[in-house]
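These notes are about the structure you will find just below.
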C-alpha cells in the first residue's frame, strides 16, 4: 500500500509525514551545459525507486524531486528510500 508515512530525519531532525502515493517529478541536471533531465512518475515511491536504483549517479549530480509544493534533494530522496515507510520492494544487491 502506498500512503502517508512518518519519515524521521528528513528535515533537520523533524518527523514529517510523507505520502509516497502522490505524483512526483524528478529533475536531474546534466554536467555538460545547463540542460536538465525531467521525468514524471505516477507516485513518489516510483520516482524514488528510479532515482536510487536505476540512476545511482543521483548523489553526484544536481538532482531533486518535486512532490506537490515540496522539493527534496538527493540526500532527502535517499532518506525516503531508506525509510521503514517506503512501500515498494527494494532491489537486492544481487539483482
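Any read-out appearing in this document is the output of simple, stated calculations on the displayed coordinates, not a laboratory observation. Being a predicted model, the structure only gives us computed values, none of them experimental. Please note: Cβ atoms are built from the backbone with ideal geometry, for glycine as well, and neighbour counts cover all protein chains shown.
At-a-glance table
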{"read-out": "Order of 49, 40 - criterion: other Cβ atoms within 10 Å of each residue's Cβ, fewest first", "value": "40, 49"}
{"read-out": "Residues 27, 18, 41 arranged by fewest to most Cβ contacts within 10 Å", "value": "27, 41, 18"}
{"read-out": "Order of 38, 20, 86, 81 - criterion: other Cβ atoms within 10 Å of each residue's Cβ, fewest first", "value": "38, 81, 86, 20"}
{"read-out": "Residue 88 paired with residue 29, simple spin-label distance in nm, labels 7 Å along Cα-to-beta-carbon", "value": "2.5 nm"}
